[in-house]
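Shown next, in structure tokens, is the structure this report addresses.
The values are calculated or read from the model by the stated rules, or taken from the named source; none is laboratory data. If you're wondering where the values come from, they're calculated on a predicted model, not measured in any experiment. Here the Cβ is made from the backbone with ideal geometry for all residues, glycine too, and neighbour counts use every protein chain on show. Only protein heavy atoms, including side chains, enter the accessible area calculation; ligands, DNA and RNA are left aside. Shrake-Rupley method; radii C 1.70, N 1.55, O 1.52, S 1.80 Å.
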Amino acid sequence: MSASPLRIQMLGGFTIRRGDQEIAINDRSRKLCLLLAYLIQAQGRPAPYHELTDLLWDEQEQASLNTLKAILHRARACLDQLGPETGRELLISRQGCYQWNPKVPLSIDTEEFLRLCQTDSPMEVEIDLSQRLSALKLYQGDFLPALAGHPWAAAQAKPLRCAYFQTVAAVLPLLEHRNRFQDVVPLAKAALVLDPFREDLCQPLMRALLQLERREEAAQCYEDFHQQLLSQRGVLPSAELRALYQQARRDWDPRAVSPVTLQEQLRDSPESGALLCEYDFFRAICRTVSRMAERTGTPPHVVLISLVGTEHTPLARYSLDRAMDNLEIVIRARLRRGDAFTRCSASQFVLLLPHANYADSQMVSSRIVRAFTRQYPHSPAQLQVSVQPLLPSADR
């Protein structure tokens, strides 16, 4: 038996290395991958045949001892790439059970990762930080991505993923406190890839980019996060994150602007129809229009248009996205150039009608509803409309 230890990676992929030889298990069949991972995680505990057939086949599939033995044969042939007879050395069959040979030394990245994440024992802060950073380097991705969706793999992945994000949340403030912004950026970016909707990761990333004078990158980070959060969750970033975005946009281009350039930048586009803008910009327009309307005493009106399914049930994602795109076309064609509108959630538009009273706003809304129904008669979406005045703030 070879004394050379095995190094097994299961985070972000599935590879087994011995010396200079390495095989990628995730490139193999799903059942072969599952069998090897299960036996390795069992830590040498014998797994009876019936236990493995229940793992590999669901109730609708036909399973037999011969098919299980066929997968074992393929698994041993795969492991033989690490050296002659390695398959029989590592995978033992005895007394109606299969097991991973407990006498072969091995290291598994999942075990090492969890060990490094444990910081219950008292230690110096710098040692603690170094240990946690080492743990995060091991987390190359979620547990066995090739088995995503399998109940056993999902049960193994959940505590590992939880430990990863808990460790990230503990490490980022420590790095910021030590002005290690260059280390914050790749760590926060890697975590956002795994969970792109976490604002507690986006905020330290933007702060670090601002400290590193990478303003354009910080602004792009916000815009990507804003778009994904709105389209997938139907919510907007917090005021704190928007403030960081404004800071990133400030003094973006330090070069002076000539009067001619200023006119070119401020000139309205020749496109017809209403202005479609981002929600934050729409809010700024509403505040400006509301202040101007205080002089006349005639408030502008806003119209909220919501898309719902039949009997007010939520629409499926594909149907909702398609209906929102169709509704955008209808709205743009039936508003005037002085009007503005934006998507304020995944299923809603809000319209600003600066020069329309309540009755006019109701009439515009009715035209939009009729046009949408006429142009898309088979759409599963129904339109709900709410018209209300845009009142000035009470504290002014």
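Annotations for the structure displayed:
- Share, in percent, of DSSP beta bridges within the chain that are antiparallel, nearest 5: 85 percent
- In summary, the aspartates and glutamates within cross-link reach of Lys137, defined as a Cα separation below 15 angstrom excluding same-chain residues under 8 places away, comprise Asp109, Glu111, Glu112, Asp128, Asp183.
- A run of the chain free of exposed loop cleavage sites, with chymotrypsin sites (Phe, Trp or Tyr not before Pro) counted only in DSSP states other than H, G, I, E and B and at most 16 other beta carbons within 10 Å, reaches its longest extent at 253-396.
- Think of it as helices only: each DSSP H run of n ≥ 4 in the chain is worth -39500 (n - 2.57), and spread over all residues that comes to -16500 deg cm²/dmol at 222 nm.
- Share of carbon and sulfur in the accessible area of the stretch 276-396 stands at 54%, probe radius 1.4 Å.
- All Cα pairs of the stretch 272-361, percent lying beyond 21 Å: 35 percent
- Considering the chain, its Cα convex hull presents a mean projected area of 30.0 nm².
- Links that overshoot a 25 Å alpha carbon limit, given the list Lys69/Lys158; Lys103/Lys158; Lys31/Lys158: Lys69/Lys158; Lys103/Lys158
- Candidates Pro237, Pro145, Pro105: whichever shows maximal mean-square fluctuation once the chain is modelled as a Gaussian network with Cα springs under 10 Å: Pro105
- Modelled this way, with points 7 Å down the Cα-to-C-beta line, the labels at Arg374 and Ala170 are 6.4 nm from one another.
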